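K.L.:
Below is one structure. I have some questions about it.
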Amino acid sequence: MSLPNLLEIRLLPPMAIGRLGASDDPMDNYDVIVPDARRLGWREVKPALTLHVDVASGGISGKSIPNKLSFKDAKGFIRPLSPFLEVWVRFQEQPELVPLTLHHLTERGLKPSDIRWSVHVANHKAFRRTANAADKIECRIPEITDHQRHPLPGQCENFIKGATIPFGFVQYIQPTDAFPEIRFRFTPASGYVYAPEGSEPKSFHAEVYRKDGPWAGWPDPGGPLSTMPGGIYYGGDTGKSRGFLDDACDGIIDVELAVNGTKLSSYARVMAGPPAFAPDSFPIRRIFDELEMAMNGPQSDGGTNQDVQDIVRRAFESIRLMNTTVMNGNQVIGHGSNMTSQDSNDVNRYFAPIMAPSTVDNLAVQAIHEYVFAALESEVPPWFAQTFRRFNEIGDLTDTGRRRMPAMMRGADGRYLALTRRQLDIIRMASGLISLEQPAPTRATPPLP
Amino acid sequence: MVQYLYAAYSLDPASATGGEKEKVRLWQQQILEIAREEMGHLVTVQNLLRVVGGPLSFGRQDCPYQSDFYPFPFELEALSTTSLAKYIVSEMPEQTTIPEIEEIKSLATKGNAGKAVNRVGKLYEAIINLFEKLDDGDFQPGSVAYQADFDTWGRDYARAPRGTSESPKRNAAELIVRPVHSRTTALAALRAVAEQGEGNQENESEFSHFQRFVAIFRHFKSGSVPFVRHLARNPVTMGVTPEPGDEPVARITNQRSLLWAQLFNTRYRLLLSLLAHALHAEGPITISGAPSPRGRLIAGAFGEMYQLRALAGIIVRQPIDDSASGVLCGPPFELPYSLALPDLPSGRWKAHRDILMGSDLIIEQLRHYGAGETKYLDALQFQNKAFLEQIAPILRTLDLPTGIV
């Protein structure tokens, strides 16, 4: 009996976000859930099924659900989040993707080493500012077929000779009868800071960058071609970069498998983010929201109170982590780094708090959002769609414009944060509005004589 | 304001069909916005009282008593051509050319037990005349620091302060919350409030309450209105003996409905209590960055407005009694036995605390009777607990001389 043909392979998830950490012991798996009994309370971080990798053999030595979670190891080092990528496959006349296994390979006369991996990760943070190709920090590993741990040394033309920034490592997990799936693991770097030669003070991990390289002393020139927001690097307060770098990276992992002379391939993106210091809180605008809009467009298919509550919950979770009095520009100790200061620095707006100073006590701001969440539990439709900032209003510096929601927060482009158009459309749908832009109801009525 | 809210809650967009669904939703939103703008008027009126040295006032006519100060006797009723006619006549300007005005007046009079409905504008004219006659010395400019301002009270609820240039495209109420420090500013505030109610001119960005009600009246008159809930007139939680000539009341006797109504009244009382406390606590802030109990009071007042909206949405689905009449309950908006604010700061916070604890007792009874809405009750109790936890340390520090209360 002939075996069904392999039609395609997929490397899943197509995008995996790791987190930096200096511990040798990667973080255990966990879920973050909203407890039914306390929907206004903190999210619960619950241990989940975790695979344990034997680094020496490259195989999975076991799996378990940890009794408790610890984000640091016994030495106090942060445990990195090290995502697995899995090869999935679609067979002829079988529409569903299934995990590719050792068994599938064996029955077709293939070995795990017939699967070839390649890695290309980079850190272009300095290059993004200087536009000098010699500032790109790159790491390429053209072929991996074994199960050794492969370090990811980041190399750069403008580094001191022989210096690299370790971006972490990757490992092709050896499939076994007990764990036959085809997996690849990316472990991000430690989260260290690197400096140009001769830097003072010595509060960094290593000197790697040439002291005469363009990034050391780079002034963001401003203007339309500069990366926004400007000056968000060490030395930005003086206008000139001090040439510091970090060991974050992102990139692409390719996988190939030749079956009966046909080469099947797929790829996934990996990236290293900072450690999760508030794992039980989510930001109001997540990468997920961006991707969802990129994939499905700015119009939502529908919106429910529950969808809106998810956004409102993330709002008060963000507020719990904010010093709202400082972020509002209340006169506490100096001006602080907040949108109020940015408005003065960027466009010379007269320094003035965003909200009335007496209203931004953190507990009060939290409470008002929790009241909204509570009211939505009764299934009353959302009534506040008009309070949100639109994507094209992020530069509105009128009092009213600055007070739109989300308030007091900076978006990736340096101006006020706005929800994605898709998020806003979800709120619109749940509110029963035909459009956010329709004429006000007061104007929708026929003119009177 | 409360009567407008009741009218708005009587609309049920979900039960409308086809294109009517969107119309009904718009009417409901329009009336809620009018009520919201009336809230702005209420706050501005407090500023007017402050500037001439008067006490704040949140009292109103309670159901079903009558006073000549009001356009028509206080009555909670579902929206109808008759109730709309009363609202139109009360909000109408002295002169109007709308063709059906005589018909509207006639309907309003009929709906007001044969008595002509008073124009609110006349009351404003009287107040404006009074303010014009006051001595300059009667105005206390220093009171501005103790008045409500738009920055504090208009947040999230306005297109923009009047007079600023913002796109009129957004659907939002336009609140008038103006501090006043002189005769000129007081008169301007009064005229702005009057204009928002009875304006006859087509403003570039908004229609007056009068114009909005007329537009809804025309739609109502032109067809059937199956999307209006069969709400009781003047629902009450306690037995009352009406005065001769008063509108009858409908006592809520279904046990669960009664508890929901009591919970509504309790939160309504909390709103009024927080509002009065917050406005009494207005004043220059000596430590602007310090956590401000006033901020919590204001947040609480807005939060209670949201809860009243949520509770009203639940109550309008509940039967008023155990018969099969099909008559539904409505939010009773009954005033508490007293609106007086305790003199001592600690007494004020204790009053809020007691109301919150009373609310918890009702919630427990609702759970006992299996009233459903578990998630909402859970959330409300969570909020109660959080607020009580914030009140406790405030009460402990009230003996300190620097506390802003």
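FYI, it's all coordinate maths here, none of it is from the lab. Because the structure is predicted, anything quoted here is derived from the model rather than measured. With ideal geometry, Cβ positions are generated from the backbone for all residues, glycine too; neighbour counts draw on all protein chains shown.
K.L.:
Report the relative contact order of segment A:287-442, percent, no decimals, based on alpha-carbon pairs under 8 angstrom and at least 6 residues apart.
P.N.:
Contact order relative to length: 33 percent.
K.L.:
Apply 1/(1 + (r/R0)^6) to the Cβ-Cβ distance of residue A:392 and residue A:72, taking R0 = 45 Å, and write down the FRET efficiency to the nearest 0.05.
P.N.:
0.55
K.L.:
Could you check which residue among A:426, A:144, A:33 shows the biggest mean-square fluctuation in a GNM of chain A with a 10 Å Cα cutoff?
P.N.:
Judging by the Gaussian network model, the answer is A:33.
K.L.:
On a full-extension model of 0.36 nm per residue, what is the gain between residue B:130 and residue B:184, subtracting their alpha-carbon distance, rounded to one decimal in nm?
P.N.:
Answer, rounded to one decimal: 18.1 nm.
K.L.:
Here's a follow-up. When you look at the Cβ of every residue in B:331-337, what mean number of other chain Cβ atoms sits within 10 Å?
P.N.:
Mean inter-chain Cβ contacts per residue within 10 Å come to 0.
K.L.:
Hey, can you rank B:267-277, B:374-384, A:56-66, B:348-358 by average C-beta count inside 10 Å, highest first?
P.N.:
Highest mean packing first, the order is B:267-277, B:374-384, B:348-358, A:56-66.
K.L.:
So how strong a dipole does the protein assembly as shown carry about its Cα centre when Lys and Arg Cβ are +1 and Asp and Glu Cβ are -1, to the nearest 20 debye?
P.N.:
Dipole of the protein assembly as shown, to the nearest 20 debye: 640 debye.
K.L.:
If each residue of separation counts as 0.36 nm, what is the full-extension length gain between residue A:56 and residue A:278 once their alpha-carbon separation is subtracted?
P.N.:
Between residue A:56 and residue A:278, full extension yields an extra 76.7 nm.
K.L.:
Sticking to Cα atoms, compute the Rg of segment A:348-443 to one decimal and its Dmax as the biggest Cα-Cα distance, whole number, in Å.
P.N.:
When restricted to Cα atoms, segment A:348-443 yields Rg and Dmax of 14.7, 45 Å.
K.L.:
Return a whole-number percent for the relative contact order of segment B:250-397, with Cα pairs under 8 Å and 6 or more residues apart as the contact set.
P.N.:
Reported as a whole number, the value is 33 percent.
K.L.:
Give, in nm to one decimal, the length gained when the segment between residue A:120 and residue A:211 is fully stretched (0.36 nm per residue of separation minus the Cα-Cα distance).
P.N.:
30.1 nm
K.L.:
Further question on the same structure: Which order do the peptides A:89-101, A:250-262 take when ranked by the mean count of other beta-carbon atoms within 10 Å per residue, highest first?
P.N.:
Taking the mean over residues of other Cβ atoms within 10 Å, the ranking is A:250-262, A:89-101.
K.L.:
Another question about this same structure. Among A:373, A:323, A:354, which residue has its Cα furthest toward the positive end of the charge dipole of segment A:287-442, with +1 on Lys/Arg Cβ and -1 on Asp/Glu Cβ?
P.N.:
Working it through, the farthest residue towards the positive pole turns out to be A:354.
K.L.:
In segment A:366-412, which GluC sites (Glu not before Pro) are in a loop and have at most 10 other Cβ atoms within 10 Å, using DSSP for the loop call?
P.N.:
none
K.L.:
Rounded to the nearest 0.05, what FRET efficiency do residue B:397 and residue B:52 give with R0 = 35 Å and r taken as the Cβ-Cβ distance? Could you check?
P.N.:
About 0.55, to the nearest 0.05.
K.L.:
Follow-up. To the nearest 20 debye, what charge dipole does chain A have about its Cα centre, counting +1 at the Cβ of each Lys and Arg and -1 at the Cβ of each Asp and Glu?
P.N.:
Result for chain A is approximately 700 debye, rounded to the nearest 20.
K.L.:
Size of the dipole of segment B:298-405 about the Cα centre, Lys and Arg at +1 and Asp and Glu at -1 on the beta carbon, nothing else charged, in debye to 20?
P.N.:
Here segment B:298-405 has a charge dipole of around 260 debye.
K.L.:
Select from A:176, A:130, A:400 the residue whose mean-square fluctuation is largest in a Gaussian network model of chain A (Cα-Cα springs shorter than 10 Å).
P.N.:
Between A:176, A:130, A:400, it is A:400 that shows the largest mean-square fluctuation.
K.L.:
Among B:127, B:152, B:108, whose Cα projects farthest towards the positive end of the dipole of segment B:95-153, with charges put on the beta-carbon of Lys, Arg (+1) and Asp, Glu (-1)?
P.N.:
So the residue we want is B:108.
K.L.:
Mind ranking A:106-116, B:293-303 by how tightly packed they are, going by the mean number of other C-beta atoms within 10 angstrom, highest first?
P.N.:
B:293-303, A:106-116
K.L.:
Taking the inverse of the average 1/r across all pairs of different Cα atoms in segment B:250-397, what Kirkwood radius in Å do you get?
P.N.:
Hydrodynamic radius (Kirkwood, Cα pairs) of segment B:250-397 is 16.3 Å.
K.L.:
Same structure, new question: Name the most mobile residue of A:305, A:348, A:330, meaning the one with the largest mean-square fluctuation, in a Gaussian network model of chain A with Cα contacts below 10 Å.
P.N.:
Highest fluctuation among the options: A:348.
K.L.:
Binning at 10 angstrom from zero up to the longest distance, how are the C-alpha pair distances of chain A distributed in percent?
P.N.:
Calculated over all Cα pairs of chain A, the distribution is 4, 16, 23, 25, 20, 9, 3, 1, 0 percent.
K.L.:
Between residue A:178 and residue A:140, how high is the FRET efficiency from 1/(1 + (r/R0)^6) when r is the Cβ-Cβ distance and R₀ = 45 Å? Nearest 0.05.
P.N.:
For R0 = 45 Å, the calculated efficiency reads 0.85.
K.L.:
Let me ask you something else. Over all residues in B:26-38, what is the mean tally of Cβ atoms on other chains that come within 10 Å of each residue's Cβ?
P.N.:
Neighbouring Cβ atoms belonging to other protein chains average 3 per residue here.
K.L.:
D for the protein assembly as shown, whole µm²/s, Stokes-Einstein with Kirkwood Rh over alpha-carbon pairs at 20 °C and 1.002 mPa s: what number?
P.N.:
Calculated translational D: 69 µm²/s.
K.L.:
Using a 10 Å cut-off on Cβ to Cβ distances, tally the other chain neighbours for every residue of B:209-215 and report the average as a whole number.
P.N.:
If you average over the peptide's residues, the count of other-chain Cβ atoms is 3.
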